[in-house]
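This report refers to the structure that appears directly beneath it.
The values are calculated or read from the model by the stated rules, or taken from the named source; none is laboratory data. Because the structure is predicted, anything quoted here is derived from the model rather than measured. Reconstructed Cβ throughout: ideal geometry from the backbone, glycine too, with neighbour counts over all protein chains shown. Heavy atoms of the whole protein, side chains included, go into the accessibility calculation; ligands, DNA and RNA do not. Shrake-Rupley method; radii C 1.70, N 1.55, O 1.52, S 1.80 Å.
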Amino acid sequence: RSYHPSGKHIVSCALDKSFKTWDTTSWKRLYSVPAHDDGIYDIDMTPSGNQIFTTGADRRVRVWNFGTEGAGHVRDYGLGQAGWSAAIAGQNPVLVSGDTHIRAWRISDGGGMLDIDLAADVMSTAISNDTLLAAAGLWNGDVVIDRKSTRLNSSHANISYAVFCLKK
């Protein structure tokens, strides 16, 4: 989701290490933010539109507060390798990202909730609106689906999961 829930703004990312915010009525760029030390591969926005998440070649997922005049940096999440994808969903939003792991964090406090070593590079990630399913598409053509027996936004002790690999 690279659009604001109001429908008035969208965000885009680029390999020039920046992300941009655009006004959808005039299609003018509102601002550009130098956001990473290397190219940015993916961008997403919380369902409320309050925060933007970027992930890139510098092995970080970065969090930004959204504003029409600019974006303020909030926190970073470290990745083991270049972060190819980020996805956000849920009433109590959860961030799912991928490098060679699929990882999930609570947006409210940055707490880690899930870390599965996939032993292959993640190309794309997705999470269902109810946060019960997380998925990753891998560069080798496999798809990994993580189905929660409890919601991702519950405590660590209550999370159990099963990973299913689907072959082409």
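Being touching a His at 6+ places or on another chain (Cβ under 6 Å) and of a type in the set (D, E, K, R): is that true of LYS28 here?
no
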Those residues of region 38-57 which are farther than 19 Å from SER128 by Cβ and part of a strand (DSSP E or B) amount to ILE40, TYR41, ILE43, GLN51, ILE52, THR54, THR55, GLY56
When region 37-50 is checked residue by residue, the ones that are touching a strand residue (DSSP E or B) at 6+ places or on another chain (Cβ under 9 Å) and open to solvent by 30 Å² or more (accessible area, probe 1.4 Å) are ASP37, ASP38, TYR41, ASP42, PRO47, ASN50
ILE102 meets each of (1) closer than 26 Å to LEU138 by Cβ; (2) out of contact with any Phe, Trp or Tyr (no Cβ under 8 Å at 6 or more places or on another chain); (3) open to solvent by 30 Å² or more (accessible area, probe 1.4 Å); (4) outside any loop (DSSP other than H, G, I, E, B) with one exception, condition (3)
Of the residues in region 1-36 that are small (Gly, Ala, Ser) and out of contact with any strand residue (DSSP E or B) (no Cβ under 9 Å at 6 or more places or on another chain), the one that is farthest from VAL61 (Cα to Cα) is SER26
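Restricted to region 58-91, and to residues that are within 14 Å of the chain's Cα centre (by Cα) and assigned to a loop (DSSP other than H, G, I, E, B), which residue is surrounded by the most Cβ atoms within 10 Å (Cβ to Cβ)?
My answer is GLY83.
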Within region 112-134, the count of residues that are touching a residue at least 24 places away in the same chain (Cβ under 8 Å) and either farther than 17 Å from THR55 by Cα or acidic (Asp, Glu) (or both) comes to 10
